[in-house]
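I have placed the structure first, in the form of structure tokens, so that the comments after it can refer back to it.
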Amino acid sequence: MSPLVAGCDVVFNLAARTSHVESLRDPLADLHANAGAQLALLELCRRENPGARIVYGSTRQLYGRPLYLPVDERHPVVPIDPNAVSKYAGEGYHMLYGQIHGMAVCALRLTNTYGPRMRVLDARQNFVGLWLRLAVAGEQLAVRRRHAASRPDLRRRCGTCIPARRRPRRVRWQDLQCRRRRRDAAGSRAAPL
């Protein structure tokens, strides 16, 4: 992997185990992939290309069951399974390397991602894949509306939700920088990266 990392300006670190159900069956495999392998990649980047910017694909699952909606970065981290704990450890290693080695790092806490090679057999990773499979098969989609009335309309309140009819804007590195990474040592105000 050394030659691959050596010439990069930005490393998108999206490698991980993502199944929360599987993490309950084999938590050590999750720990190895989501924490140990992350540490190995960070060490490789530190040795071969310390100037590379690293974007770590974390998970929203770190927050556990939401205490309020919409969930933001001030929400307490309360992991509810081994996958979330190991991803939090991987994220912690990235932030630590940013602090002690001066590496440019950020973590994106992603939720319900979809794309090529996603799991569509069941909802073990997220519901989007299962819904896509059911839609393609012409089967009925089950939607629970238990809390629908209490949830805010994110399309009006959140700048990150883009209606499908609008073109997405270009994303710059500055847009990806993690607020936690930019805070000064006291944690009271944002400092430039």
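The values are calculated or read from the model by the stated rules, or taken from the named source; none is laboratory data. This is a predicted model, so every value here is computed, not measured. Positions of Cβ are backbone-derived with ideal geometry, glycine not excepted, and every protein chain shown enters the neighbour counts.
If you take the residues of the stretch 1-42 that are of a type in the set (D, E, K, R) and closer than 20 Å to LEU108 by Cα, which of them is surrounded by the fewest Cβ atoms within 10 Å (Cβ to Cβ)? It comes out as ASP9. The number of residues in the stretch 63-75 that are closer than 22 Å to PRO27 by Cβ and either part of a loop (DSSP other than H, G, I, E, B) or touching a residue at least 60 places away in the same chain (Cβ under 8 Å) (or both) comes to 2. Limited to the stretch 76-99, what total is found for residues that are β-branched (Val, Ile, Thr) and within 19 Å of ALA15 (Cα to Cα)? Total satisfying the criteria: 1.
When THR18, THR59 are checked against the criterion of being modelled with pLDDT under 95, more than 17 Å from GLY102 (Cα to Cα) and in contact with a Leu (Cβ under 9 Å, 6 or more places away or on another chain), THR59 stands alone in meeting it.
Take ASP9 and tell me if it is of a type in the set (Asp, Glu) and free of Cβ contacts under 8 Å to residues at least 24 places away in the same chain. It would help to see each step written out before you state the result.
On the way: of a type in the set (Asp, Glu): yes; free of Cβ contacts under 8 Å to residues at least 24 places away in the same chain: no.
It is false that ASP9 is of a type in the set (Asp, Glu) and free of Cβ contacts under 8 Å to residues at least 24 places away in the same chain.
Got at least one residue in the stretch 46-54 being at pLDDT 95 or above, touching a strand residue (DSSP E or B) at 6+ places or on another chain (Cβ under 6 Å) and closer than 21 Å to THR113 by Cβ? Yes, because at least one residue in the stretch 46-54 is at pLDDT 95 or above, touching a strand residue (DSSP E or B) at 6+ places or on another chain (Cβ under 6 Å) and closer than 21 Å to THR113 by Cβ. Within the stretch 115-134, does at least one residue satisfy the condition of being out of contact with any Gly (no Cβ under 8 Å at 6 or more places or on another chain), more than 18 Å from VAL11 (Cβ to Cβ) and of a type in the set (Gly, Ala, Ser)? Checked the stretch 115-134: at least one residue is out of contact with any Gly (no Cβ under 8 Å at 6 or more places or on another chain), more than 18 Å from VAL11 (Cβ to Cβ) and of a type in the set (Gly, Ala, Ser). Assessment of the stretch 112-122 against the conditions (in contact (Cβ under 8 Å) with a residue 40 or more places away in the chain and among the aliphatic types (A, V, I, L, M)) yields no matching residue.
Examine the stretch 93-102 for a residue that is within 30 Å of LEU121 (Cβ to Cβ), within 13 Å of the chain's Cα centre (by Cα) and either among the aromatic types (Phe, Trp, Tyr) or assigned to a helix (DSSP H, G or I) (or both), and state whether such a residue exists.
The answer is no; no qualifying residue exists.
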